[in-house]
Every structure is written in C-alpha cells, then in structure tokens.
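**Student:** Starting off with a structure, shown below.
Every number here is computed from the coordinates shown, using simple stated rules; none is lab data. What you see is a predicted model, and the numbers here were worked out from it, not measured in a lab. With ideal geometry, Cβ positions are generated from the backbone for all residues, glycine too; neighbour counts draw on all protein chains shown.
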Amino acid sequence: MKQSKLTLAIFSALLLGIITGWVFPDFAVKLHVLAEIFLRMVKMIIAPLLFATLVVGIAGHGDVKSLGRLGIKTIAYFEVVTTIALFIGLGFANLFKPGIGMVSISTAHTGLNSIVQSAATTHHNSFGELILGLFPTSIFQSMSEGNLLQIVVFCIFFALAIVAVGEKAKPVTDFLNSLASIMFKFTEYVMYFAPVGIFGAIAYTVGSNGIHILFNYGKIILSLYVALAAFVLFVLFVACKIVRISVRALIKALQEPALLAFTTASSEAALPKAMQIMEDFGVPKSIVGFVMPTGYTFNLDGSTLYLAMAVIFSTQIVGHPLTIEQQLVIMFALMLTSKGIAGVPRVALIVLAGTLTSFGIPILGVAILLGIDQILDMGRTTVNLIGNCVATVVIARWENQFDYYKMSDFIKGRSLKLATVSNIEDYKDTNNGEGHGI
C-alpha cells in the first residue's frame, strides 16, 4: 500500500512538474534546489549502504566450500548474463545516443553548480589506472569521496576475512546485519522525498529547456525498453531454449508477479509470489531458496543494462565523449559497483551517482533521469524479476534437478492426462532417459 501511494505521488509530481515548467518557466528554474537536495541525500547514503549490504551479501554467500558446485555455477551464470546485459546497454546507448542534443549545459545559468561540478576523484582513463585506483589507502577517504570501486574492494576482503574467522566474527556480522537494516530504513525515508525531488527536477528541466524536452525523454524511455526487450529475446529466451524449457509456459506462469513488479517498480513486492511459482513450476525449493535471493544481489539484469545506458547518456549530455577503452573501463567498474545493494528503492540512481563520481563525470544526468526514473524503474525491475526466475530454471536444469512432471502438472492445472505422461516419457527418451531432473 505504501509503495502504491508513493508511486501515485511520484507520477503526480511528474505531471505537476511538467505543467509548472511549461506554464511558469521563470519560477520553475528556481526549483532546481529541490532536485539538488534530493541528490545530496542520495549521495549521503551511498557509502554506508554499500558497505553494510555488500559485506553481508558476500559473507552470507561467499563460502565457496559450503556452497559447493551450486554456488560456483550460480555465480558463474550471473556474471556471464550481467556482463552481456552491460554490453547490450552499452551498444544501444551508442546506437540511439539518447543524450545527444538533449540539453545545452552552462554552469553560469543552470544554477545546478553542485550537480554539474566534476568530482575530485581521479578520472580513470585506462585499465592500468583503474586497477591501481581499485585499492584504497584509507577506507574513510574512499567513503568521503564516494569512490565505490575502492569501497567494493575493501568490502570483498573484509567479507572474506569474516568468513575465514567464522564464529568469532559473529558480533561483527550481527552488527552489519543491523546496519544494513537501518540503512534500508534510512533509504526508505530518503525516498519519501523522491516526489519533491522529481517535481523540482522535471519542472526545472522543462522550464529551462521548453516543453519539447519531453521528446528527448521519450527517446530515453524508448531506448531503454527496446534494449530490455532485446535482452529478454536474445538472452533469456535463448537460455530457456538451451535448457529445453517452454518460454511461453514460463512467461504465462510469471504473469502475476511480473505485473506486480511492473506496476509497483518493486522487486520485494513480487519476490515471494515469484519464488512460490518457481517451486510449483518444477524447481526444487533448495535451489529457489538459494538462487533467487542471491540473484537479487548479483543478478540485476535490467538494472545493470540500464546503468550502462545511463552512464553513456550522462556523458553525452555534458559533451564528455568516451573512447571505446574508457567505456570498457566503466563497464568493468559497473560489474563491481552494481552488485550488493538489491532491494533498495531507486538503487540504480544510487549506483549511477556513485559510479559517475568515481570517474569524475558530472552527475547532471542523474538529475535529468530523476524526473522519469519511476517509468524506467518499472521496466528494469520487471526484467530483474524475469531474469532471476530464468536463472533458477537454468541452474536446476544444470544440476539435473528440474522436475518436468511438476512443470506439466503446473501448466495443465494438476489434471495430467495419460498422453501428457507419455509425452514426458518420450522427452526423457530423447535425453538419455534421465529421471525427473532431465
């Protein structure tokens, strides 16, 4: 209910901001301060949120010996799929160029000085500089500068040390779990200010650039949704075909949680229902219980794709073209920075702001995207959900534990006929006569 009210408030703020910017442009350009306050609040939570959630996530799932084969396969699949998502986002951003010609930036008249200022962090121009820049001299300095890459590296070593120490580290783990819970609540409070920030951002953008700017917003939305559709079609669809799962049946099964994820832009709202459906669909409970929660830490396909597009968009609007090598460096950085803070409202905005800061790129793009982030979030959240459901099927099939009888039972509404069983037996015969886990 809270999420529905916030969604309604965000869309209302979006509409009101457009009208205000169109009818009262002189007044609207003064509202940049509202967007600025919200962006500062977002940057304020980046370091502690990332530290707490990433350490807890790795410490909880990072013991490869205990996870065994399942853990290795799951993480390997996640890395391959999210990397593909990054490059699809990168490709479509260069193809559509949604940021070109969107806004003419001059810090003398925009009033968004603190937003347009480049960060003090060194801009990494090569892989060598990136690798060197990964390692912090002081974690407190990294946090104060908002250097996500250095924070991630520190978190990895810190989490592995916690796993190695074992029971003695339990007080630290309990503290970080509490800190993570606190930061989730903290983030929730910050996001209550999102409608105000969105109102200020869209009013300022329309007021300073004219109503025609909405065309450019349409271009951004179209670019993202086309890229997400391409990812679903050429990656998730192909993955299902490889493991011999009916894509049509899976999509039909996921209609309800997918619609819930789309309308609320919340993964958490749809997760319980999706997990239950995947169990009913034929994936063992043990695999669903491990892969789905882990996926919401390491397998945010839609959000990862969006981040790649958003970074390139942010460089395009400020006239900061990147070479292919620089784009690849940022993609490598996003492989690290996009992990570990799933389930947080507006998580992509947080990661985007931190990544841009780490590379010395002005975060004006965050302010511009803020106005339509709810619409963008609906699409990427839905793909996140579908991607993680497909992951459970792939891992179950990979582990030879997928139950095709149960899938057929689910599809037929628990009214299997003899012909259906016969078809399954024929299917098994063509796959070396394996049992339920074909």
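**Student:** May I have the extent of the alpha carbons of the stretch 288-413 along their three principal axes, as whole Å values ordered from largest to smallest?
**Tutor:** 56, 30, 21
**Student:** In whole angstrom, how far apart do the alpha carbon centroids of the stretch 358-414 and the stretch 142-181 sit?
**Tutor:** Distance between centres, Cα-based: 26 Å.
**Student:** Using the number of other C-beta atoms within 10 angstrom as an exposure proxy, rank TYR405, TYR296 with the fewest first.
**Tutor:** Working: TYR405 15, TYR296 18.
Sorted ascending by nearby Cβ count, the order is TYR405, TYR296.
**Student:** Let me ask another. How far, in nm, would the chain grow between GLU256 and TYR405 when pulled straight, counting 0.36 nm per residue and subtracting the alpha carbon separation?
**Tutor:** Details: separation 149, 0.36 × 149 = 53.64 nm, distance 2.24 nm.
Stretched fully, the GLU256-TYR405 segment lengthens by 51.4 nm.
**Student:** Starting from the 7 Å offset along Cα-to-Cβ, what nm value, one decimal, do you get for the label separation of LEU222 and PHE175?
**Tutor:** 5.3 nm
**Student:** Amide H to amide H under 5 Å from PHE402: which residues, 5+ apart in sequence or cross-chain, H placed 1.01 Å off N in plane?
**Tutor:** ARG397, ILE438
**Student:** Which ³J(HN,Hα) values, rounded to whole Hz and listed in residue order, are derived for the stretch 36-46 from phi using the Karplus coefficients 6.51, -1.76 and 1.60 in 6.51 cos²θ - 1.76 cosθ + 1.60 with θ = phi - 60°, glycine and proline given as x?
**Tutor:** 4, 4, 5, 5, 5, 5, 5, 5, 4, 9, 4
**Student:** What distance in nm separates the simple spin-label points at TYR189 and MET44, each placed 7 Å from Cα in the Cβ direction?
**Tutor:** Taking the simple label geometry, TYR189 and MET44 are separated by 0.9 nm.
**Student:** Kindly put CYS240, CYS389 in sequence by how many other C-beta atoms sit within 10 Å of each C-beta, fewest to most.
**Tutor:** On the way: CYS240 20, CYS389 28.
Result, fewest neighbours first: CYS240, CYS389.
**Student:** Right, here's the next one. Between SER144 and LYS273, what length comes free when the chain is fully extended (0.36 nm per residue of separation minus the Cα-Cα distance, one decimal in nm)?
**Tutor:** Extra length from SER144 to LYS273 when fully extended: 42.5 nm.
**Student:** Determine which residues of the stretch 398-412 fall in the zone a paramagnetic label at SER246 would reach in this model, i.e. backbone nitrogen under 18 Å from the point 7 Å along Cα→Cβ.
**Tutor:** Residues 402-412 fall inside that zone.
**Student:** Here's another thing I want to ask about it. Put a dot 7 Å past each Cα toward the Cβ at PHE27 and GLU325; how far apart are the dots in nm?
**Tutor:** Taking the simple label geometry, GLU325 and PHE27 are separated by 5.2 nm.
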